[in-house]
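First up is the structure itself, then whatever we jot down about it.
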Ligand code: HSE
């Protein structure tokens with residue numbers, strides 16, 4: 001059994017905890033008869049090679065891990081806001097129950113993750129909205145191209161969530177609701193101008209900017225060809241959204257400006273875990 005699960009970028013600006021995309025960057029898991037856990041690539045020497053491994057915990061919700069060997073080949077960096085834990089959960093669930101529906105797997109996996117958006121996108125691919133255990137895959141792709149600017153430092157999602165205020169003003173809620181409505185319309189219509197207009201959030205990005213070191217600088221001075229920037233999940237990675245025809249120049253400008261980060265031009269993956 002060989003399964004692979006994509007990286008994801010959650011929130012997409014104003015879609016806090018309800019919008020995400022799958023990205024064309026994959027972790028793989030091979031499950032064979034035998035014993036043991038091997039982690040290669042990202043997280044090697046760090047992620048547990050025991051039944052405590054998050055993917056094995058997910059697998060164990062549906063099938064016994066006994067008598068199985070789990071071999072991971074990971075490419076999604078850890079704790080960078082690119083959905084490495086959602087990918088691990090998706091791998092474990094899909095390897096244990098390949099015939100289960102995405103919403104069945106989401107119900108099992110979301111408690112392990114604490115929120116549903118990354119996992120929903122990792123399970124079905126494309127651009128998704130998720131609410132109350134449901135998943136709507138609204139589009140296979142987006143009309144702007146994601147470029148990830150990935151700092152070396154890490155951010156724990158639990159810490160980043162704990163730093164959010166318990167209450168926000170009505171004005172900030174209204175602003176964000178308006179942008180979230182635009183985001184949904186942009187995904188559904190595939191209109192790049194609507195997507196550009198949707199970039200703006202007052203529920204989480206203002207409180208996370210300090211932990212996403214390139215966010216404010218990029219937002220204040222977008223490189224040529226960029227339509228906007230979002231914090232990927234809880235950061236520290238930011239996604240710069242480029243006009244597709246201007247992607248190479250935009251990525252080159254980011255590489256030149258931010259030599260301290262890894263700049264990767266990615267694509268939205270229409271496929272989820274397979
Ligand atoms: N929606 C979640 C958050 C995603 O922003 O905390 C975490 O990757």
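Remarks
- Considering region 65-92, the residues that are in contact (Cβ under 8 Å) with a residue 60 or more places away in the chain and outside any loop (DSSP other than H, G, I, E, B) include one that is surrounded by the most Cβ atoms within 10 Å (Cβ to Cβ), namely 90.
- Qualifying positions in region 52-79 - within 15 Å of residue 114 (Cα to Cα) and within 16 Å of the ligand (Cβ to nearest atom): 54, 79
- Checking 40, 28 one by one, the residue that is surrounded by fewer than 16 Cβ atoms within 10 Å (Cβ to Cβ), under 24 Å from residue 150 (Cα atoms) and away from the ligand (no atom under 16 Å from the Cβ) is 40 and no other.
- Selection from region 127-146 of residues that are on the phi > 0 side of the Ramachandran plot and in contact with a helix residue (DSSP H, G or I) (Cβ under 9 Å, 6 or more places away or on another chain): 133
- Within the set 159, 109, 114, 133, the sole residue that is over 30 Å from residue 243 (Cα atoms), within 16 Å of the ligand (Cβ to nearest atom) and buried (at least 24 other Cβ atoms within 10 Å of the Cβ) turns out to be 109.
- Within the option set 226, 174, 188, being at pLDDT 95 or above and in contact with a helix residue (DSSP H, G or I) (Cβ under 6 Å, 6 or more places away or on another chain) holds for one residue only, 226.
- Any hit, region 209-217, residues being within 16 Å of the ligand (Cβ to nearest atom), within 23 Å of residue 75 (Cα to Cα) and surrounded by fewer than 23 Cβ atoms within 10 Å (Cβ to Cβ): yes
- All of (1) under 30 Å from residue 178 (Cα atoms); (2) more than 16 Å from the ligand (Cβ to nearest atom) hold for residue 13 with one exception: (2).
- Some residue of region 161-174 being part of a helix (DSSP H, G or I) and either touching a strand residue (DSSP E or B) at 6+ places or on another chain (Cβ under 9 Å) or under 20 Å from residue 261 (Cα atoms) (or both): no
- All positions within region 80-106 that are within 11 Å of the ligand (Cβ to nearest atom) and touching a helix residue (DSSP H, G or I) at 6+ places or on another chain (Cβ under 7 Å): 83, 85, 86
To keep it simple, each residue is scored yes or no on (1) more than 22 Å from the chain's Cα centre (by Cα); (2) within 13 Å of the ligand (Cβ to nearest atom); (3) surrounded by 21 or more Cβ atoms within 10 Å (Cβ to Cβ); (4) closer than 30 Å to residue 88 by Cβ.
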position: 168; (1), (2), (3), (4): yes, no, no, no
position: 172; (1), (2), (3), (4): yes, no, no, no
position: 181; (1), (2), (3), (4): no, no, no, no
position: 185; (1), (2), (3), (4): no, no, no, no
position: 189; (1), (2), (3), (4): no, no, no, no
position: 197; (1), (2), (3), (4): no, no, no, no
position: 205; (1), (2), (3), (4): no, yes, yes, yes
position: 230; (1), (2), (3), (4): no, yes, yes, yes
position: 249; (1), (2), (3), (4): yes, no, no, no
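- Per the conditions (1) without any contact (Cβ under 8 Å) to a residue 60 or more places away in the chain; (2) within 16 Å of the ligand (Cβ to nearest atom), the sole criterion not satisfied by residue 49 is (2).
- Any hit, region 25-33, residues being modelled with pLDDT of 95 or more and either closer than 22 Å to residue 130 by Cα or assigned to a helix (DSSP H, G or I) (or both): yes
The values are calculated or read from the model by the stated rules, or taken from the named source; none is laboratory data. Nothing here was measured: the structure is a model prediction, and the numbers come from that model. Don't worry about glycine lacking a Cβ; one is built from the backbone with ideal geometry, like all the others, and counts go over all protein chains shown.
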